[in-house]
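Only one structure is covered here, and it is reproduced in the block below.
The values are calculated or read from the model by the stated rules, or taken from the named source; none is laboratory data. Note that the structure is a prediction, hence the values are computed from the model and not measured. Cβ sites come from the backbone with ideal geometry, for glycine too, and all protein chains shown count toward neighbours.
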Amino acid sequence: MELCSQCNEKPIYSRKLCKTCYNQNRSKTPPDYGSCISCKARPATSKKRQLCGSCYRKQRRSPKFSKVIRHNCEVEFIKNFFNHNNWQHQPASFRLNGVNYSPDFYDAERDTFIEVSGSRQAYHANKDKYEKFKELFPKIDFEVRKTDGSLLNEDDNRLDWT
């Protein structure tokens, strides 16, 4: 039986702490990240976004939030692949096994949905989702591409990543 990492007396309850130590740590005040950059009234609860919980929820619900490109590999892909402005970022959402899925881009000139996979690990983590999409929506053109814009050959047993 493991003992609490803080008091070394009682058995572990959660996160390597006994129930008493766990509750004491939970009651401590959260770190100070300054005030919210949006409303400037409440304290920020997130160091990365510098927003309070209320402003963060409002931002998540706004239609502009879905248009924000959140990952560097998507920005790289846009620079490497698109030579026109007739594309959209996450324009549609599809229902797959009770979960919503939005491909990263829609290329209107080619009428194709594109998913950008930044690494081999990211591809394999989402491989089932891509296959399910192709199975449920066979008439929709769908591609998985690397950040350099090259088409990912899913037929190979070993994917070549540079």
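Here are some notes:
- Residue match in segment 50-62 (condition: at pLDDT below 80, at negative phi, in contact with a helix residue (DSSP H, G or I) (Cβ under 6 Å, 6 or more places away or on another chain) and polar (S, T, N, Q)): yes
Okay, residues lined up against (1) touching a helix residue (DSSP H, G or I) at 6+ places or on another chain (Cβ under 8 Å); (2) at positive phi; (3) among the polar types (S, T, N, Q):
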site: Pro91; (1), (2), (3): no, no, no
site: Asn97; (1), (2), (3): yes, yes, yes
site: Asn100; (1), (2), (3): no, no, yes
site: Asp104; (1), (2), (3): yes, no, no
site: Ala108; (1), (2), (3): no, no, no
site: Asp111; (1), (2), (3): no, yes, no
site: Gly118; (1), (2), (3): yes, no, no
site: Glu135; (1), (2), (3): no, no, no
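- Enumerated strands (runs of 3 or more DSSP E) restricted to segment 102-147, each holding at least 2 residues that are aromatic (Phe, Trp, Tyr): 105-107
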